[in-house]
1. Cβ-Cβ under 9 Å, sequence separation 6+ or interchain: first residue in region 15-38 and within 14 Å of GLN81 (Cβ to Cβ), partner among the acidic types (Asp, Glu). Which pairs?
2. From the set of residues in region 65-93 that are free of Cβ contacts under 8 Å to residues at least 24 places away in the same chain and under 14 Å from the mean Cα position of the chain (by Cα), which is least open to solvent (accessible area, probe 1.4 Å)?
3. Out of LEU84, LEU91, report the one residue that is touching a helix residue (DSSP H, G or I) at 6+ places or on another chain (Cβ under 6 Å), of a type outside the set (Ser, Thr, Tyr) and within 29 Å of ILE26 (Cβ to Cβ).
Amino acid sequence: MQVIQFKFDNERPIYLQLVEQLRVAIVSGAYAAGSRLPSVRELAVMAKVNPNTMQKALTELESDRLIFTERTNGKYGTKDQRLLAKIKTELASDLVQKYTSDMAKIGITYADSIKYLKQLGGQ
């Protein structure tokens, strides 16, 4: 069983943070495509949240088609590689926008922020 280190802030609802962190775990391959996820109770224990809160997050992931339920067998990560690639691109886009926006706040242009990324990002 894969163990995720859940981290929460007080800025947003916990279930939304669960959705985001589980989405990343699924898209990144921490839970391999098509693999069985831990039960709602196991995930709730890992995250130290109420099982109802975890169920709410999983319901949202299911409506996004990132997970699916096999009756009496549990929940599984999607096998849809196109969907995984699409969501990975969306997540990357959000991170790039946040990075360039944060850099602009400290007076660094887009072009210079790319230079910093190349210099300091280890590439």
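The values are calculated or read from the model by the stated rules, or taken from the named source; none is laboratory data. Note that the coordinates shown come from a computational prediction; the quantities given were computed from them, not determined experimentally. Here the Cβ is made from the backbone with ideal geometry for all residues, glycine too, and neighbour counts use every protein chain on show. For accessibility, only protein heavy atoms count, side chains too; no ligands or nucleic acids. Shrake-Rupley method; radii C 1.70, N 1.55, O 1.52, S 1.80 Å.
1. ALA33/ASP80
2. The residue in question is LEU83.
3. Result of the check over LEU84, LEU91: LEU84.
Table: residues versus (1) under 16 Å from the mean Cα position of the chain (by Cα); (2) surrounded by 13 or more Cβ atoms within 10 Å (Cβ to Cβ); (3) outside any loop (DSSP other than H, G, I, E, B).
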| residue | (1), (2), (3) |
| --- | --- |
| GLN5 | yes, no, no |
| ASP9 | yes, no, no |
| LEU43 | yes, yes, yes |
| LEU95 | yes, no, yes |
